[in-house]
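As structure tokens, the structure follows; a few thoughts come after it.
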């Protein structure tokens with residue numbers, strides 16, 4: 001069993017240019033990445049062709065090609081991976097939406113976006129609103145990303161971000177209300 005320190009050490013080695021460290025990291029965090037990928041794909045419509053393993057592989061390829069910022073911890077790495085997965089799904093939604101501009105976006109901010117009639121619209125609207133929120137309040141955007149895209153519970157999010165559970169829940173409620181309002185303005 002590998003410790004949090006082992007994972008952090010591999011992340012720091014990668015930040016210092018050791019490409020093999022990144023390859024050694026994947027088996028240590030794969031189960032968590034698969035859980036995150038599964039949570040994100042469950043929010044997609046049923047005809048989605050991407051499977052969790054494929055989403056992990058595509059995110060991994062993006063991370064390996066890019067200059068991953070200095071990663072501070074396992075939680076930080078998982079957040080970066082979840083963000084990469086979200087961007088892949090957004091890119092897929094944009095490709096599917098190309099040529100089908102019809103407005104009428106309806107989105108429910110719940111852990112499952114599958115209740116929306118147009119999942120691509122919902123995902124794209126949520127992504128646009130999250131980018132605006134990130135510019136205004138990066139912590140709230142990170143909380144939303146961890147909860148709804150990373151699939152973390154409020155307790156896990158609190159632990160990973162060093163916050164109290166009450167703070168996480170309160171900040172999530174405020175962020176959700178802001179996102180609903182922003183998405184209604186856009187829709």
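Considering only residues of region 141-187 that are touching a helix residue (DSSP H, G or I) at 6+ places or on another chain (Cβ under 6 Å), in contact (Cβ under 8 Å) with a residue 60 or more places away in the chain and not in a helix (DSSP H, G or I), which is surrounded by the fewest Cβ atoms within 10 Å (Cβ to Cβ)?
Of everything passing the filter in region 141-187, 151 is surrounded by the fewest Cβ atoms within 10 Å (Cβ to Cβ).
Hey, any hits in region 128-140 for a residue that's modelled with pLDDT under 90, in a helix (DSSP H, G or I), in contact with a helix residue (DSSP H, G or I) (Cβ under 6 Å, 6 or more places away or on another chain) and closer than 22 Å to residue 39 by Cβ?
yes
The values are calculated or read from the model by the stated rules, or taken from the named source; none is laboratory data. Nothing here was measured: the structure is a model prediction, and the numbers come from that model. Every residue, glycine among them, receives a Cβ derived from its backbone with ideal geometry; neighbour counts consider all protein chains shown.
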